[in-house]
Amino acid sequence: MSLWQEYLTRKLVFESHPSLNEKHCLNHLQTRHPCTACIDICPENVFSMPHPGSMETDWDLCTDCGLCVSICPARAVSPARLQAEKLYACASHCTGDIIISCKSGSVSDLTLENPGAIPWELLCFLALQGIVTIVTGSCPDCEKKTCRSSLDQTLAQTRVFLGDEMYRSRIHCAQDPASLPSRLYTRREAMSLALRRTGRTASALLPVPPDSVPDGTLWRQLLLYRVKQFYTDSGDPEALEERKDPSAGPSGNPAVKAGSGAPVPSLRWTVPQFSASCTACGICMRMCPSGALLRAPGPEGSARFYMALLPHKCTGCGLCSRVCPVQGMLAPSPVRLNPVDRPILHAVAAKSCSRCREPIPADSGSDLCDRCRAELKSV
């Protein structure tokens, strides 16, 4: 193999920087509400927006810190293959407590350029396995202290998903590595660490849906798998029954009681909500970058349409609520779901246009939508 061919092969396999999927980028989908999350967080100024709707990247400047991957609200930035495999291997081998640190930390199971580079979905995945301790060092004295906002946002989203009680028991932050408890490894854990440090691939070690790939949605799919497994391990593989937990306090925060009687946290996805003004026009469905919104007509003669939101696919970017012309979608808020992948359905009183089958108000005096009437008049 020539040196050039060897270089191309190495570049293909060991991708050294993230990639931007413009089809999922909020700025590519619309220009009225520009998103500058990646531009604001990147310490190397890799991203730029020359004009509305256009994103440019200079990957030669990239250090693969991964902050853009975790901060993108639409998950349009995919991690570099090396970074994805590093995090994937950590998730695969993690069977209990784990310590994560930036490069200033002296003791950790996972060392990153910045802990804020971990997407909140992956942090929740690890928290469902055991206690996650994040060693940050002294952020105010760090040359990359501006990147702390990414970690704060990740922690905030993690708290919403896990709930306050589980968050406090599973997520710990420390500045001084000396304050960490000593770690005693069993023989099995020592072997696991040895395997991890050899760089063994994790692709076959963690059961995930077959269509999982190292892109921006991988961590979401891992979390969905782990949540299902978590509820199953808690004693009830079927639908879990929600009811008030007396220990939840005056706030009335409901907990899930599994079949074994052990309290299980009510995990929450942050998703938009349908409002009564929704007309099932489908604008949100066509704009959604993750394909989390669907529309279907009701039974024949029912004068109904149904909008469906798939929470496990929704990234909570909020684009649907911003583009809806009638405020039919409310801003994303935490929702408890049972089971976790059940669609949220919303019925809309509407009938089908006799020409294009699009929904029109049920009390409309015409069988044609406005667009079809205008097209027929222009003929």
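The values are calculated or read from the model by the stated rules, or taken from the named source; none is laboratory data. Treat the numbers as computed from the prediction; the structure is a model and nothing was measured. Using ideal geometry, Cβ is built from the backbone for each residue, glycine included, and neighbour counts are taken over all protein chains shown.
Annotations for the structure displayed:
- If only residues of region 21-76 that are outside any loop (DSSP other than H, G, I, E, B) and among the β-branched types (V, I, T) are counted, the one that is surrounded by the fewest Cβ atoms within 10 Å (Cβ to Cβ) is I39.
- The numbered conditions (1) in a strand (DSSP E or B); (2) touching a helix residue (DSSP H, G or I) at 6+ places or on another chain (Cβ under 8 Å) are all true for F305 except (2).
One line per residue, one yes/no per condition, for (1) at pLDDT 90 or above; (2) touching a His at 6+ places or on another chain (Cβ under 6 Å); (3) surrounded by fewer than 16 Cβ atoms within 10 Å (Cβ to Cβ); (4) within 23 Å of P334 (Cβ to Cβ):
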| position | (1), (2), (3), (4) |
| --- | --- |
| S277 | yes, no, yes, yes |
| I283 | yes, no, no, no |
| G301 | no, no, yes, no |
| L309 | yes, no, no, yes |
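- Count of residues meeting criterion [in contact (Cβ under 8 Å) with a residue 60 or more places away in the chain and surrounded by 14 or more Cβ atoms within 10 Å (Cβ to Cβ)] in region 326-363: 13
- Failed condition for P50, given (1) free of Cβ contacts under 8 Å to residues at least 60 places away in the same chain; (2) of a type outside the set (A, V, I, L, M, F, W, C); (3) in contact with a Pro (Cβ under 9 Å, 6 or more places away or on another chain): (3)
- Just one residue in the set V335, V340, V348 is modelled with pLDDT under 90 and assigned to a strand (DSSP E or B); that residue is V335.
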